[in-house]
Amino acid sequence: MDKFGGRERYSLKTTFIQIKTAEAEPFVRFLLDGERTLPVVFISRRNRDGALLCDPSVLADQLVGIAYVCVADDVQLSWKLADHIDNRLNAYDGTVRVYWPRMTKSDPPYRHRWWTQQRLLALEANQRSLAGELLKLVATASVTRRIPGLVRWEDVEREVTKQSLQKLQGTGAVSEDWLRQYEQDLITIENLRQALADANERLRDKEEEVRQWKQMYLQLLRSGAEAPEEALGEDLVIEDASGAIVAAKRDFNDQLLFIEGRIEKDARQFEEPELLYAAFKWLATVYWKAKTGTVKCPDLDKSCRETCQFRYNAHQSEITMGMFASDYEVNYDGSKIKLREHIGFGTSTEPRRTIRIAFFFDDARRKVVIGYVGQHQTTRKSN
């Protein structure tokens, strides 16, 4: 890119672009330009000290050629932007936002992904890279993006094939009707590709809307957690299963105890973190109150299903637990304890859609002890 250059409507850069406060209006025109084909990653500055909460050089390096990385030169830029676009579409106080192509002033806020200060801190706490998150997001959208006039390798191949057929037509080996049909088939394929690209963009927007609703649901769940207000205020964002586990450990410290080393790696692939957190909350509230005799629950399975869509099972086969003790036993306070109870979501073997939580209740400590989080525990059938 540095040696040969590159451009769409605008020149592509290998470094980030500084946007001055006086450039607020032209920057908004850039965002709203219907011919812009690449997303814009905009990084604002923190109000109190003008600091950046991420390294724009790292983002620019990761996103070279597939996105513009723009950085506010001053805190005041975000205030000026509010004069030209709805503040719900703005980015300010150190936050980061992706503005997709075909942006309009009437776009719903969820269409353009926004990383708040809390979300940025949550990524850092979970040792996740914002650059990696952005690369995944932008690359996924880029795969299906269709840019009018852009020449792809497949277009070159089709043109070569077309020219070869035209040469053959001159020899009589290919009829004019056959060539006409071939060209019509190419037009049909191109129309289908355009329809697919449009459908994928709508799907991405819908997924972003769903993601925002999930975050709102998680915030509602956590607002009722029995945890200190200062703890809840640290991070109301749960992006994945790891975040759900971290939040549950913190929010329900008085009710839940996690045995270290018993959370399987595949558990972190589960793609319904709001349901996983809700399951931990059910264990820390309904189940905990039932076991301590605080509030009776006549049907734990029904309560669990209605609360978090997990199924509750109070028993495991003694034969299975004996055959696969490593999955069903834990060392706890110097003794081996069997994990007879579990709750689970999903029935497949795909870790993104299925998860199990095995546990027991410690009467002395009055805590639910989480002894396993992961896929299906081993059974005679799976073995």
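Residues that are part of a loop (DSSP other than H, G, I, E, B), at pLDDT 95 or above and not small (Gly, Ala, Ser) within segment 34-45 comprise just one, Arg45.
Pairs linking a residue in segment 146-163 that is farther than 12 Å from Leu186 by Cα and assigned to a loop (DSSP other than H, G, I, E, B) to a residue that is modelled with pLDDT of 65 or more and hydrophobic (A, V, I, L, M, F, W, C), with Cβ atoms under 7 Å and 6 or more positions apart or on different chains, are Arg146/Ala197. Residue check: Glu25 meets all listed conditions (1) in a loop (DSSP other than H, G, I, E, B); (2) surrounded by fewer than 17 Cβ atoms within 10 Å (Cβ to Cβ) but one, namely (1).
What do you reckon, is Leu89 surrounded by 15 or more Cβ atoms within 10 Å (Cβ to Cβ), free of Cβ contacts under 8 Å to residues at least 24 places away in the same chain and assigned by TED's automatic domain parsing to the domain that holds Tyr110? Taking the combined requirement at face value, the residue satisfies it.
Of all residues in segment 32-57, those satisfying the criterion of being within 22 Å of Glu201 (Cα to Cα) and either touching a helix residue (DSSP H, G or I) at 6+ places or on another chain (Cβ under 9 Å) or exposed (fewer than 13 other Cβ atoms within 10 Å of the Cβ) (or both) are Gly34, Glu35, Arg36, Leu38, Pro39, Val40, Val41, Phe42. The combined condition, being in contact with a helix residue (DSSP H, G or I) (Cβ under 9 Å, 6 or more places away or on another chain), at pLDDT 80 or above and not assigned by TED's automatic domain parsing to the domain that holds Trp114, is fulfilled by Lys249.
Selection of segment 14-25 for residues being closer than 21 Å to Pro56 by Cα and out of contact with any Phe, Trp or Tyr (no Cβ under 7 Å at 6 or more places or on another chain) yields Thr14, Thr15, Phe16, Gln18, Lys20, Thr21, Ala22, Glu23, Ala24. Of a type in the set (Lys, Arg) and more than 21 Å from the chain's Cα centre (by Cα): is that true of Arg36 in this structure? Yes; evaluated as a whole, the condition is true for this residue. When we screen Glu271, Glu239 for residues that are modelled with pLDDT of 75 or more, surrounded by 15 or more Cβ atoms within 10 Å (Cβ to Cβ) and not in a helix (DSSP H, G or I), the only hit is Glu239.
The condition of being under 29 Å from Ser242 (Cα atoms), of a type in the set (Ser, Thr, Tyr) and part of a helix (DSSP H, G or I) does not hold for Ser78. When Ala60, Ala82 are checked against the criterion of being under 30 Å from Phe4 (Cβ atoms) and of a type in the set (A, V, I, L, M, F, W, C), a single residue qualifies: Ala60.
The values are calculated or read from the model by the stated rules, or taken from the named source; none is laboratory data. Remember, it's a predicted structure, so these values are computed and weren't measured experimentally. No Cβ is skipped: glycine too gets one built from the backbone with ideal geometry, and neighbour counts run over all protein chains shown.
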